[in-house]
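Read-outs throughout are calculated quantities, based only on the coordinates presented, and are distinct from any laboratory measurement. Everything numeric here is computed off the predicted structure, so don't read it as measured data. Because the Cβ atoms are built from the backbone with ideal geometry, glycine has one as well, and the counts that use them run over all protein chains shown.
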Amino acid sequence: MKIISFLMMLLITSNCNESKTETEQTINIDPIEVPSQEGMEKAYFASGCFWCVEEIYEGVKGVKESISGYSGGHTENPTYEDSNTGKTGHAEANEIIYDPKVVSFKTLVDVYFASQNIEQVNGQGPDNGSQYRSIIFYQNDNQKRVIETKIATLEKEGYKVAAEVKPFQKFWIAEDYHQDYAKLHPTQGYIRGVSIPRFKRFAAKMPEVIKESAKH
């Protein structure tokens with residue numbers, strides 16, 4: 001009986017270790033680093049509606065462009081309709097193309113947290129659901145350290161940071177009609193009622209990083 005019990009214990013331990021290894025492999029996915037092009041680098045953030053985030057980052061000195069899309073999930077080629085079901089795992093996200101000689105990744109991270117409700121889970125403002133959750137992506141160990149340092153500072157200040165920190169894997173560009181949405185539809189109800197006020201709240205916190213052309 002003792003031998004049987006011992007063998008059963010070894011089997012259980014082995015299964016537990018296998019499960020743990022599988023979990024660790026899932027968590028410890030190596031990030032994919034996007035190479036710079038013509039001196040420009042790319043960063044990836046999810047923070048609620050991508051229309052809002054696009055307007056915020058395109059108003060920051062050193063940012064050339066913000067592209068709306070989807071990231072952080074498990075499905076291939078997600079669409080806006082797919083994402084809205086909350087079943088793709090993706091969140092509305094933005095690809096930020098920036099000049100590192102003008103604006104650092106650290107400043108982009110500061111912008112990220114200054115432009116959202118840090119503690120709101122699965123959403124920002126009136127937009128709720130996993131597709132609107134906050135995710136901050138890193139492409140290398142240095143970016144990860146910058147993010148973790150910022151979060152540690154915010155937590156010391158008493159915030160419960162809701163944003164997920166994930167290794168970057170893939171960014172899917174959203175449909176054409178989502179690009180430059182706030183710029184092309186400045187009088188649209190959501191833009192006037194949500195996007196513009198959100199930008200103004202952020203700009204009041206970090207006026208030094210705002211482009212002259214973006215000041216309302």
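Using a simple spin-label model with pseudo-atoms 7 Å out from Cα toward Cβ, Lys106 and Tyr177 lie 4.3 nm apart. For the chain, adding -39500 (n - 2.57) for each run of n ≥ 4 DSSP H residues and dividing by the number of residues yields -11500 deg cm²/dmol at 222 nm.
Extension gain, Glu38 to Asn142, is 35.3 nm, computed as 0.36 nm per intervening residue step minus the present C-alpha separation.
GNM remark for the chain: springs join alpha carbons under 10 Å apart, and the peak mean-square fluctuation among Gly123, Gly189, Gly69 falls on Gly189. Projecting label points 7 angstrom from Cα along Cα→Cβ for Asn77 and Arg201 puts them 3.8 nm apart.
Once C-alpha pairs closer than 8 Å and six or more residues apart are averaged by separation and normalised to the residue number of the chain, the relative contact order reads 27 percent.
Projecting the alpha carbon convex hull of the stretch 112-216 along each direction and taking the average yields 8.1 nm². Counting other Cβ atoms within 10 Å as a rough exposure proxy, the listed residues Ser104, Ser213, Ser115 run Ser213, Ser104, Ser115 from fewest neighbours to most. Going by neighbour counts of Cβ atoms within 10 Å, the residues Val111, Val146 line up, fewest first, as Val146, Val111.
Explain nothing, just the number: dipole magnitude of the stretch 41-207 about its Cα centre with +1 on each Lys and Arg Cβ and -1 on each Asp and Glu Cβ, in debye rounded to the nearest 20. Write out the running numbers ahead of the final one.
Values: 20 positive and 22 negative charges, 128 e Å.
The calculation lands at about 620 debye.
For the stretch 38-68, run through the trypsin sites (Lys or Arg not before Pro) and keep only the ones in DSSP coil with at most 16 other Cβ atoms within 10 Å of their Cβ. Listed in order of number, the matching sites are Lys61. Going from the fewest other Cβ atoms within 10 Å to the most, the residues Trp51, Trp172 appear in the order Trp172, Trp51.
Put a dot 7 Å past the Cα of Lys160, heading toward its Cβ, do the same for Lys87, and the two dots end up 3.1 nm apart.
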